[in-house]
Amino acid sequence: MAAGDIEHFISEKLVLTPVPGLPEISLYTTHPASGVGRLSNRSGRPPYWAYRWAGGMALAHYFAELPSSVRGLTVLDLGAGSGLVGIAAAQAGAATVIAADIDPNAAAAIALNAAANGVVLHFQEGDMTISEPPQVDLVAVGDLFYDAELARTVLRFLDRCLARAIRVLIGDPGRAHLPRPRLLPMAEYYVSDVGFTPATPPLPAWVFALQPIAPGQEIPSR
């Protein structure tokens with residue numbers, strides 16, 4: 001399926017819906033009859049970009065509540081998915097937002113979502129964690145600590161960012177592989193998550209600032 005066909009599929013089959021608690025942002029969101037699995041079959045990756053993840057929701061709330069945290073900065077939205085975090089950063093006044101994701105289908109979703117919200121996101125396809133950090137001021141990481149190997153890879157990249165004086169903010173509802181000893185809580189929000197219905201009670205999710213590793217400190221995998 002060509003890129004234009006993917007955008008057409010998303011705009012026709014998914015529903016542009018306001019984000020709960022953030023009515024200024026709308027996203028193309030999956031539903032039981034969307035058939036979004038067809039795109040997953042093409043890319044070989046689950047369509048994570050079609051859902052609202054709790055960690056991204058927390059970061060989006062944080063940027064909306066504290067625009068000074070991103071105003072005028074160059075921001076990397078790592079594992080951008082739908083682009084929710086990047087959209088919130090752009091709306092809060094970020095100078096430039098790079099939305100990075102390994103799923104090529106995310107490019108179409110991010111382009112549609114950014115246009116629907118009147119912002120510009122610069123999509124970067126591929127695994128940025130295996131390279132040196134780009135020239136950014138802030139890295140925003142929403143919900144990338146659900147898998148042990150992924151968490152280790154992401155944390156090594158984030159340490160390279162910290163070494164270059166790039167600030168790192170993590171949004172997460174408490175997944176299993178967070179580097180908890182190194183997290184400074186910044187804010188807490190009650191948000192929806194993947195698989196939630198309108199009747200599902202919100203769960204707590206946090207925004208953390210990642211701190212540099214202390215000499216002699218060991219980071220457990222859980």
Rg followed by Dmax, in Å, when segment 34-128 is reduced to its Cα trace: 12.9, 41
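Relative contact order for the chain: what is it in percent, counting Cα pairs under 8 Å that are at least 6 residues apart? Mind dumping the intermediate values first?
Working: 475 pairs, mean separation 42.9, N = 222.
Across the chain, relative contact order equals 19 percent.
Can you tell me how segment 3-210 classifies by the Cα gyration tensor, rounded, prolate or oblate, using a/c under 1.5 as the rounded cut?
Numbers: a/c = 1.39, a/b = 1.31, b/c = 1.07.
Rounded.
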Pair Ser131, Ala148: separation of 7 Å Cα→Cβ label points (nm): 3.0 nm
How far is helix 54-65 tilted, in degrees, relative to the longest principal axis of the Cα atoms in the chain, given as a value from 0 to 90 rounded to the nearest 10? 80 degrees
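How high is the relative contact order of segment 1-98? Use alpha-carbon pairs under 8 Å, at least six apart in sequence, and give a whole percent. List each step's numbers first, then the result.
Details: 132 pairs, mean separation 21.2, N = 98.
Here the relative contact order equals 22 percent.
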Could you state the angle between the C-alpha long axis of helix 3-13 and the longest principal axis of the C-alpha atoms of the chain, as a value from 0 to 90 degrees rounded to the nearest 10? 70 degrees
Selection from Tyr48, Leu112, Leu178 lying farthest towards where the dipole of segment 3-210 points positive, charges on Cβ: Leu178
If one computes the Cα centroid of segment 194-208 and of segment 146-190, what distance in Å separates the two points? 19 Å
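Only the coordinates and a few stated rules stand behind these numbers; no lab work does. Because the structure is a prediction, the values reported are computed rather than measured. Note that we place each Cβ from the backbone using ideal geometry, even for glycine, and neighbour counts take in every protein chain shown.
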